[in-house]
Each structure stands twice: as structure tokens, then as C-alpha cells.
Amino acid sequence: MSNLLLHTAETGHLRIIINRPKALNALNSTLIQELYALLQNHETDDSIRVVSIEGSGEKAFAAGADITEFQGIAPAAAEKLSRAGQACFNYISQYPKPVLALIRGYALGGGLELAMSCHTRIASSTSMCGLPEVNLGLMPGYAGTQRLSQLIGITKATYLTITGDMMDAQEAHAAGLVAKVIPDEEWSAQTDKILAKLSKKAPLATTAVLKAMMPARDVPDAYMAAEASAFGELMETEDLQEGVSAFLEKRKAVFTGR
Ligand code: COA
């Protein structure tokens with residue numbers, strides 16, 4: 001089964017669906033490469049006016065990076081994984097066409113980092129957003145340490161990242177993480193309407209708006225490099241191994257600080 005499903009509507013809407021429903025659309029490294037390549041292929045396609053990214057099924061946008069890839073991974077490889085995710089998500093944030101994250105269900109860890117790299121986010125009333133990596137003995141590695149603060153302020157972002165707590169859709173809206181909350185029963189009709197509206201806007205003007213606004217969302221590479229390096233180092237710890245084992249064995253982790 002392909003990791004990504006793709007629909008191009010006549011209206012100029014490129015709809016990307018993350019297609020790993022059994023793993024709650026967890027983002028593995030191949031999927032991230034595929035997403036990067038797919039967007040690159042459409043960057044200069046004038047028939048595409050707007051892009052959306054969503055998860056398959058109703059339960060998750062994406063429940064994080066794929067935790068099974070963290071088993072036994074060496075720090076250097078993990079740092080590389082983090083850098084690859086950062087590069088893809090940075091590319092999305094600078095994309096010349098509007099990219100919307102359509103969040104339904106869980107947007108956690110790498111899933112929320114992907115949504116945060118999009119130009120804006122719309123959430124269903126059932127959504128839950130968070131950066132729960134700390135519960136695995138890990139930390140965000142796809143620029144989430146920077147982008148959550150940009151979007152909701154450092155006070156709330158720090159609290160959420162060190163507790164691993166999730167925000168429901170209303171909290172995410174109040175915090176400024178999502179632009180709009182849509183009742184779940186109206187999800188398809190209302191998101192289709194928004195995307196149809198966007199696909200009719202003047203494309204040059206839309207690109208100019210994004211080009212003017214998005215530099216404010218650039219993440220300095222030194223911060224991303226520091227995040228990737230720390231992410232890599234944590235892979236060697238006993239706590240990370242315990243966190244991943246506990247998740248896979250469906251039990252609570254016990255951390256020792258080693
Ligand atoms: N990576 C890999 N697999 C994942 C995953 C992830 N990030 N998130 C969920 N899955 C898998 C589960 O292992 C499970 O697989 P199984 O059916 O083979 O056992 C399946 O998706 C369903 O998840 P499950 O945990 O059984 O669903 P739930 O409804 O009980 O809980 C969540 C939902 C989102 C709360 C829970 O899956 C979760 O905490 N996921 C991890 C979130 C996270 O830490 N993300 C950051 C990763 S760096």
C-alpha cells in the first residue's frame with residue numbers, strides 16, 4: 001500500500017492523504033521522502049492552486065513519527081532522520097502555493113510538526129494536538145521545539161512540550177494553533193468549501209502574500225541543528241529505550257534518568 005494517496009481536483013486542489021491508518025498515519029522516513037518529492041513535483045504546476053494534507057480515516061491526522069523506527073537506531077542516524085524531516089517541513093513552510101493541514105483526530109509529535117509547517121491549520125472538533133515525545137524519553141525533532149512557540153507563544157509551548165499534554169480542538173483554537181474548528185459532522189462539506197474558495201483566488205497574489213508573510217516563520221538553521229543533535233543524543237539513553245519498549249508493550253514507562 002502506498003504511504004500517500006493523491007487526488008487532483010479539476011478546481012486546482014491537490015489533496016494529499018497520509019495513508020497508514022493502521023499505524024494512525026505515523027510518519028516513517030520513506031513517507032517523509034515521498035511527501036517531499038511529491039510537493040517538489042507540483043511546485044511549478046500552474047494547474048495546482050492549493051494543497052491540503054490530511055490523514056486517512058477519522059482517528060488521526062498523524063500520531064507522530066513512526067516509533068518503530070526508533071528501536072536500536074544510532075544517534076548519528078537519528079540526527080540524520082531529524083535533519084531530513086526538518087528539511088521537508090521547512091520546504092513546506094516556504095511552498096509557493098497555500099498548504100493547509102486538515103486535522104481530524106490526533107495530530108501528535110511529528111504529525112503536529114508537519115501540521116505546524118503548513119501555512120495554516122483547520123481542525124475538526126474531534127482533534128487532539130500535542131508533542132508527547134517526552135513520554136517516550138524523547139523530544140520533538142522536526143522543528144517542533146521552535147514552531148509551537150512561534151504559533152502559541154513560548155509559555156504554553158514549553159508547558160505542553162515538557163508535560164506531553166494534548167490540547168483539544170477548542171484549546172488549540174483559543175491558543176492560535178488552528179485557524180478554525182469545524183464540527184466533525186460538517187467536516188467534508190466545510191473543508192471542501194474552504195479549499196474551493198482558495199483555489200479561485202488570484203494565484204500570483206496568493207503566492208506574493210505567502211512570500212511576504214512566511215519569512216516571519218523561518219526557523220534559524222542553528223536552532224534546527226541543535227534540535228537534531230539533541231534528538232540524536234537521546235537515542236542512546238536507557239530512558240528512550242524504556243519509553244519505546246513501554247509504548248510498544250502498551251504499558252507505562254518508568255524513567256531513571258540514564
Ligand atoms: N508510531 C508507530 N505506531 C503508532 C504510532 C506511532 N507514532 N502511534 C500509534 N501507532 C500504532 C500503535 O502501535 C497501534 O498499533 P497496533 O494496532 O499494531 O498495536 C495502532 O497505531 C493504534 O494505536 P493505539 O495506541 O492502539 O491507539 P489508541 O487509540 O489506544 O491511542 C494514541 C491513540 C494516539 C493516544 C496512541 O497511539 C499514542 O500515544 N501514539 C503515540 C503518540 C506519540 O508519542 N507520538 C510521538 C512519536 S515521536
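Quick note: the coordinates plus some simple rules give every number you see, no bench work behind them. Since this is a predicted model, take the numbers as computed values, not measurements. Positions of Cβ are backbone-derived with ideal geometry, glycine not excepted, and every protein chain shown enters the neighbour counts.
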If you go through Leu198, Leu240, Leu210, the only one that is under 30 Å from Leu136 (Cβ atoms) and surrounded by 15 or more Cβ atoms within 10 Å (Cβ to Cβ) is Leu240
Would you call Glu171 within 26 Å of Glu58 (Cα to Cα), more than 15 Å from the ligand (Cβ to nearest atom) and not in a loop (DSSP other than H, G, I, E, B)?
yes
So which residues in the stretch 172-195 are in contact with a helix residue (DSSP H, G or I) (Cβ under 9 Å, 6 or more places away or on another chain) and crowded, with 19+ Cβ neighbours inside 10 Å, if there are any at all?
Ala172, Leu177, Val178, Val181, Ile182
Scan the stretch 52-79 and report the pairs whose first residue is hydrophobic (A, V, I, L, M, F, W, C) and whose second residue is within 11 Å of the ligand (Cβ to nearest atom) and part of a strand (DSSP E or B), with Cβ atoms within less than 6 Å and a gap of 6+ or a chain change.
Ala60/Tyr106; Phe61/Ala107; Ala62/Leu27; Ala63/Tyr106; Ala63/Leu108; Ala65/Leu27
Filter pass, Leu4 being free of Cβ contacts under 8 Å to residues at least 40 places away in the same chain, among the aliphatic types (A, V, I, L, M) and in contact with a helix residue (DSSP H, G or I) (Cβ under 6 Å, 6 or more places away or on another chain)
yes
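Would you point out which residue out of Phe61, Phe70 is more than 19 Å from Ala222 (Cβ to Cβ), within 11 Å of the ligand (Cβ to nearest atom) and touching a Lys or Arg at 6+ places or on another chain (Cβ under 7 Å)?
Of Phe61, Phe70, the one residue that is more than 19 Å from Ala222 (Cβ to Cβ), within 11 Å of the ligand (Cβ to nearest atom) and touching a Lys or Arg at 6+ places or on another chain (Cβ under 7 Å) is Phe61.
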